[in-house]
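Data block below; observations after.
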Amino acid sequence: MIHFVGAGPGAPDLITLRGAELLRRAGMIVYAGSLVNPRLLELAPQGCEIYDSASMTLEQVLEKLAAGEKKGVVTVRLHTGDPSIYGAVREQMDRLEKLGIAYEVVPGVSSFCAAAAAAKAEYTLPSVSQTLIITRMEGRTPVPEREKLSLLARHRASMALFLSSGLLKETCAALTGEDCYSPDTRAVIVYKASWPEEKILRGTIGTIAAQAEAAGIRNTALVLVGDFLGDDYELSKLYDASFSHAFRKASK
Ligand code: SAH
């Protein structure tokens with residue numbers, strides 16, 4: 001059984017208890033060295049084989065995982081954040097399926113959650129937005145035509161952009177096209193959320209590219225955009241004294 005584990009956004013104590021326990025019992029760990037905090041590897045027992053997948057191909061990763069399985073040791077494939085978001089995990093699961101090797105996925109705290117925590121923001125504010133769009137600027141990986149940023153931006157929903165901080169000018173231009181966000185919509189860049197070197201830049205879609213350039217931020221950052229970063233919203237129904245729900249009767 002191969003364990004795909006979400007390592008969380010960076011801080012070593014933001015992995016789940018289940019993930020940490022698997023690392024403590026691991027005989028082999030293949031980790032995504034570009035973003036996983038190496039301090040997590042300190043949990044591994046002596047003698048555990050550890051490989052950084054940053055320089056490996058899909059085939060090489062699979063070879064390692066299959067070797068771990070053959071040895072009968074606890075084999076962990078450690079992904080940054082949560083494996084389901086830009087994790088390239090599906091192709092690995094499908095290969096294991098073909099090889100007849102069982103696997104499971106242990107979720108992790110995605111960086112979009114850590115970024116909201118760092119910015120002390122809530123994506124789903126009543127009367128502002130009830131939708132979070134998780135997307136990316138098109139880079140070398142194409143984005144389907146119908147999901148172009150300029151189309152998604154028309155919803156003016158809360159948005160978390162992955163893998164886009166190296167293309168900020170293009171990103172901000174696409175966000176402010178016709179019927180899209182206005183350039184003075186709030187935007188926040190969170191660099192290395194939950195790491196000691198975390199940085200938060202607050203501005204607008206119009207200013208954030210220059211701010212990031214001045215701060216030297218080009219990668220490992222999330223761009224958050226939307227009116228949820230502002231101060232106008234309605235209070236929730238959930239805690240409204242005049243509103244009854246399954247767990248509480250109205251008191252007013
Ligand atoms: N599976 C990961 C995302 C992998 S894609 C997750 O759930 O978070 C890699 C991108 O994620 C980076 O380019 C960056 O946009 C974002 N990212 C990952 N860790 C981050 C962090 N600690 N702070 C800000 N952005 C991060």
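In a simple Cβ point-charge model (Lys, Arg +1; Asp, Glu -1; nothing else charged), region 24-118 has a dipole of about 200 debye relative to its Cα centre. The string of couplings for region 201-209 from the Karplus curve (6.51, -1.76, 1.60, θ = phi - 60°) is 10, 10, x, 10, 4, x, 10, 5, 5 Hz, one whole number per residue in order, with x for Gly and Pro.
Here the Karplus relation 6.51 cos²θ - 1.76 cosθ + 1.60, evaluated at θ = phi - 60°, turns the backbone of region 124-135 into coupling constants of 10, 8, x, 6, 9, 7, 10, 9, 10, 9, 9, 8 Hz, with x for every Gly and Pro.
Go through 104-113, 31-40, 73-82 and give me the packing order, highest mean Cβ count within 10 Å leading. Walk me through the numbers before you get to the answer.
Working: 104-113: 21.0, 31-40: 18.3, 73-82: 24.5.
Listed from highest to lowest mean packing, they are 73-82, 104-113, 31-40.
By DSSP, the beta bridges lying fully in region 109-252 are antiparallel in about 75 percent of cases.
So what does the Cα-only Debye profile of region 35-133 read at q = 0.12, 0.24 Å⁻¹, as log10 I(q)/I(0), no solvent term? The calculated log intensity ratios at q = 0.12, 0.24 Å⁻¹ are -0.53, -1.46.
Using a 10 Å cut-off on Cβ atoms, rank the peptides 18-24, 240-246 from the highest mean neighbour count down.
Result, highest mean first: 18-24, 240-246.
Candidates Val188, Ser242, Leu151 compared by Cα position along the dipole of the chain: farthest toward the positive end lies Ser242, with charges placed on Cβ.
Grab the other residues whose beta carbon is less than 9 angstrom from that of Gly226, score K and R as +1, D and E as -1, and report the net. Don't jump to the answer; show the numbers that get you there.
Values: positive: Arg156, Arg186; negative: Asp227.
Net of charged neighbours comes to +1.
What do you get when you divide the Cα radius of gyration of the chain by 2.2 N^0.38 Å, with N the number of residues? Display every interim value, and only then the final one.
Values: Rg = 20.7 Å, N = 252, 2.2 N^0.38 = 18.0 Å.
The value comes to 1.15.
Rounded to the nearest Hz, the phi-derived 3J(HN,Hα) couplings of region 185-192 under the Karplus curve 6.51 cos²θ - 1.76 cosθ + 1.60 (θ = phi - 60°) are 5, 4, 9, 9, 10, 10, 9, 6, where x marks glycine and proline.
Please state the shape class of region 152-252: rounded when a/c is under 1.5, otherwise prolate if a/b exceeds b/c and oblate if not, all from the C-alpha gyration tensor. Don't skip to the answer; put the middle values down first.
Numbers: a/c = 3.05, a/b = 1.87, b/c = 1.63.
Prolate, since a/c reaches 1.5 and a/b exceeds b/c.
Per residue of the chain, the DSSP helices (runs of n ≥ 4 H) give a summed -39500 (n - 2.57) that works out to -7000 deg cm²/dmol at 222 nm.
Each reported figure results from applying straightforward, stated rules to the coordinates on display, with no laboratory input. What you see is a predicted model, and the numbers here were worked out from it, not measured in a lab. Counting neighbours? That spans all protein chains shown, and the Cβs are built from the backbone with ideal geometry, glycine included.
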